Amino acid sequence: MNNLLTRRDALGLMGYAGLGLMYAQVSSFSSAKAMLRRAIPSSGELLPVVGLGTWRQFDVGASVADRQSLIDVLKRMNEKGGKLIDSSPMYARSEEVIGDLANEIKQADKFFYATKVWTTGKQEGIDQMNASFRKMQRSKMDLMQVHNLVDWQTHLETLRKWKEEGKVRYIGITHYTDSAHDELEKIVRSQHPDFVQFNYSIRSRHAEQRLLNVVKDNGAAVIINQPFESGSLFNAVHGKSLPAWAADYEINNWAQFFLKFILSHPAVTCTIPGTSNPDHLVENMEAAYGRLPDDKTRKKMVEYVS
């Protein structure tokens, strides 16, 4: 498990403000017309800050009924300025569905494709990653990550070679539990991957203790999984109204409240809420528009949810 359930399906630091000003100058996130983008440290390439997770949502059959909502999700994601789609061989048919649908809507080159290797052994990893290329219909993968650190030493060696050869653009490591944060820190310091993916949310803030800053200080991009805690955050606020001051940050729903909290941390490059609902996709993408909370407001957000 590495991403999250859709929210309604699941239902039933240099000061942040100072760095935020820097991002405002670079990314123009106060503009109502431009999605906030942040730089991938190893290249300077700008990446939209809200992407798409596919853990359960894209594991569907081949029928029109199974896939129509996902077609609409990808179309709306492109319309709203999103790019990163995160998958894994662990997610059953998700890679194949992504490849099929992106080509079906003739937008295959509009996205930033991220997937993972999730096996042990050098040749097993090579075979699995090549299978991902075929399923996602890519000749070059934007980001290949070692899923949950499984045999990471072996796979990083392969991936460094593939990056030199131009087969992958970026390499990374992932996990989804607090207990893995110490190991992620050690790998970041010693291996300097382009990307690190891990869990972080308004209630699950273990990464604030060290990991977020360690990754930022070592020049890696950060992808946040589990932004809604597998949907449990929506249970926690069920029946509760947004605070009046949320409107000051163009927060119109709880999804945007949770996502803007994450995005207001300057070390975060992108977060990947998963959904198969086009309307929820739009809500998620719109968290990347408008003002982001400052230090004081972040504290208020935590207190309000608590």
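Set the Förster distance to 41 Å, then compute FRET efficiency between residue 68 and residue 191 from the Cβ-Cβ distance, nearest 0.05. Show your work: numbers first, answer last.
Details: r = 42 Å, r/R0 = 1.02.
Computed FRET efficiency for residue 68 and residue 191 comes out at 0.45.
At q = 0.07, 0.08 Å⁻¹, what is the base-10 log of I(q)/I(0) for the chain according to the Debye formula with one equal point scatterer per Cα and no solvent? Please give it to two decimals.
Once normalised to I(0) and log-transformed, intensities are -0.24, -0.31.
Students often check this: by mean Cβ neighbours within 10 Å, which of 209-217, 44-52, 64-72 ranks highest, and how do the rest follow?
44-52, 209-217, 64-72
Can you compute 3J(HN,Hα) from phi for each residue in region 279-284, using the Karplus curve 6.51 cos²θ - 1.76 cosθ + 1.60 with θ = phi - 60°, rounded to whole Hz and x for Gly and Pro?
Listing the rounded values in order: 5, 5, 4, 5, 4, 5 Hz.
In a shell of Cβ-Cβ distance under 11 Å around residue 131, excluding residue 131 itself, what net charge do Lys and Arg (+1) and Asp and Glu (-1) give?
-2
Given the DSSP H assignment, sum -39500 (n - 2.57) over each helix run of at least 4 residues in the chain and divide by its residue total; what's the result at 222 nm in deg cm²/dmol, nearest 500? All intermediate terms of the calculation are to be shown ahead of the outcome.
Values: 12 runs with 126 residues, N = 306.
Computed mean residue ellipticity for the chain: -12500 deg cm²/dmol.
Would you kindly state how much longer the chain becomes between residue 235 and residue 203 on full extension, computed as 0.36 nm times their sequence separation minus their alpha carbon distance, in nm to one decimal?
Computed gain between residue 235 and residue 203 is 10.3 nm.
Would you list, by chain and number, the lysines whose Cα falls below 29 Å from the Cα of residue 240, excluding same-chain residues fewer than 8 positions away?
Once the sequence-local lysines are set aside, what remains near residue 240 is 80, 260, 296, 299, 300.
Got a sec? Charge dipole of region 7-305, +1 on Cβ for Lys and Arg, -1 for Asp and Glu; which of 90, 48, 111 is way out at the positive end?
Going by the charge dipole, the pick is 48.
Pop the C-beta distance of residue 306 and residue 92 into the FRET formula with R0 = 35 Å and round what comes out to the nearest 0.05.
Efficiency, rounded to the nearest 0.05: 0.45.
All of the numbers you see were taken from the coordinates with simple rules; none came from a lab. Treat the numbers as computed from the prediction; the structure is a model and nothing was measured. Methodologically, a virtual Cβ is constructed for each residue, glycine included, from the backbone with ideal geometry; neighbour enumeration extends over all protein chains shown.
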